[in-house]
Amino acid sequence: MRFSIVTPVYNGEKYIAETIESVLSQKGDFEIEYIIADGASSDGAVEIIRSYTDRVNAGQYPICCKKVTLQY
(Lines give C-alpha, C1' and ligand atoms only; values in the text may rest on other atoms or scores of the structure.)
Protein backbone atom coordinates (compact mmCIF):
# COMPACT_ATOMS: atom_id res chain seq x y z
CA MET A 1 0.00 0.00 0.00
CA ARG A 2 1.21 3.51 -0.76
CA PHE A 3 0.01 6.78 0.70
CA SER A 4 0.54 10.11 -1.03
CA ILE A 5 0.70 13.07 1.32
CA VAL A 6 0.84 16.69 0.17
CA THR A 7 1.76 19.55 2.50
CA PRO A 8 1.24 23.09 1.18
CA VAL A 9 3.45 25.68 2.86
CA TYR A 10 4.07 29.40 2.59
CA ASN A 11 6.45 31.03 5.05
CA GLY A 12 6.01 28.11 7.43
CA GLU A 13 9.53 28.09 8.85
CA LYS A 14 8.14 27.90 12.40
CA TYR A 15 6.20 24.65 11.83
CA ILE A 16 7.50 22.88 8.72
CA ALA A 17 10.15 20.78 10.50
CA GLU A 18 7.55 19.50 12.99
CA THR A 19 5.17 18.70 10.12
CA ILE A 20 7.83 16.83 8.15
CA GLU A 21 8.93 14.90 11.24
CA SER A 22 5.32 13.88 11.87
CA VAL A 23 4.92 12.45 8.36
CA LEU A 24 8.31 10.73 8.35
CA SER A 25 7.75 9.10 11.75
CA GLN A 26 4.77 7.02 10.59
CA LYS A 27 5.25 3.31 11.20
CA GLY A 28 3.79 0.46 9.23
CA ASP A 29 3.82 -1.85 6.25
CA PHE A 30 3.31 0.84 3.61
CA GLU A 31 5.14 3.37 1.45
CA ILE A 32 4.86 7.14 1.69
CA GLU A 33 5.08 9.48 -1.27
CA TYR A 34 5.52 12.88 0.38
CA ILE A 35 5.20 16.07 -1.65
CA ILE A 36 5.75 19.49 -0.12
CA ALA A 37 4.35 22.33 -2.21
CA ASP A 38 6.01 25.62 -1.29
CA GLY A 39 4.37 28.85 -2.42
CA ALA A 40 7.61 30.86 -2.83
CA SER A 41 8.32 31.26 0.87
CA SER A 42 10.63 34.11 1.83
CA ASP A 43 11.56 32.81 5.27
CA GLY A 44 13.78 29.80 5.95
CA ALA A 45 11.14 27.17 5.08
CA VAL A 46 12.73 26.18 1.76
CA GLU A 47 16.11 25.53 3.36
CA ILE A 48 14.51 23.31 5.99
CA ILE A 49 12.54 21.41 3.34
CA ARG A 50 15.65 21.00 1.19
CA SER A 51 17.63 19.64 4.14
CA TYR A 52 15.05 16.95 4.88
CA THR A 53 14.66 16.11 1.20
CA ASP A 54 18.40 15.65 0.77
CA ARG A 55 18.70 13.46 3.87
CA VAL A 56 15.70 11.26 3.04
CA ASN A 57 16.66 10.78 -0.60
CA ALA A 58 20.26 9.95 0.37
CA GLY A 59 19.06 7.28 2.81
CA GLN A 60 20.42 9.24 5.78
CA TYR A 61 17.12 9.64 7.60
CA PRO A 62 15.67 6.77 9.64
CA ILE A 63 12.30 5.66 8.36
CA CYS A 64 9.84 3.28 10.03
CA CYS A 65 7.87 2.13 7.01
CA LYS A 66 8.75 0.30 3.80
CA LYS A 67 9.83 3.34 1.78
CA VAL A 68 9.63 7.13 1.74
CA THR A 69 10.07 9.39 -1.28
CA LEU A 70 10.15 13.11 -0.60
CA GLN A 71 10.02 15.90 -3.14
CA TYR A 72 9.25 19.60 -3.10
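Kirkwood-type hydrodynamic radius, the chain: 12.3 Å, calculated from all non-identical alpha-carbon pairs. Label reach from D29 (point 7 Å along Cα→C-beta): in region 1-15, amide nitrogens under 20 Å belong to 1-4.
Couplings 3J(HN,Hα) for region 38-44, derived from phi with the Karplus relation 6.51 cos²θ - 1.76 cosθ + 1.60 (θ = phi - 60°), are 8, x, 6, 4, 10, 9, x Hz, where x marks Gly and Pro. Label reach from A40 (point 7 Å along Cα→C-beta): in region 9-23, amide nitrogens under 14 Å belong to 10-11. Element breakdown for the chain at a 1.4 angstrom probe: carbon and sulfur atoms account for 50% of the accessible area. Compared with the dominant Cα axis of the chain, that is its longest principal axis, helix 45-57 is turned about 20°.
Sequence-ordered 3J(HN,Hα) estimates for region 3-13 from the Karplus curve with 6.51, -1.76 and 1.60 and θ = phi - 60° stand at 10, 10, 10, 10, 10, x, 8, 9, 6, x, 3 Hz, glycine and proline given as x. Taking amide H atoms as placed 1.01 Å from N in the peptide plane, the amide H of S41 lies under 5 Å from those of N11, each 5 or more residues away in sequence or on another chain. Distances between placed amide hydrogens fall under 5 Å for V68 paired with I32, all partners being 5 or more residues away or on another chain.
Taking every alpha-carbon pair under 8 Å whose residues sit at least 6 apart, the chain reaches a relative contact order of 42 percent. Listed by chain and number, the aspartates and glutamates whose C-alpha is less than 14 Å from the C-alpha of K67, apart from same-chain residues fewer than 8 away, are D29, E31, E33.
The values are calculated or read from the model by the stated rules, or taken from the named source; none is laboratory data. All of these numbers come straight from a predicted model, not from anything done at the bench. Counting neighbours? That spans all protein chains shown, and the Cβs are built from the backbone with ideal geometry, glycine included. Just the protein is used for accessible areas: all its heavy atoms, side chains included, with ligands, DNA and RNA removed. Shrake-Rupley method; radii C 1.70, N 1.55, O 1.52, S 1.80 Å.
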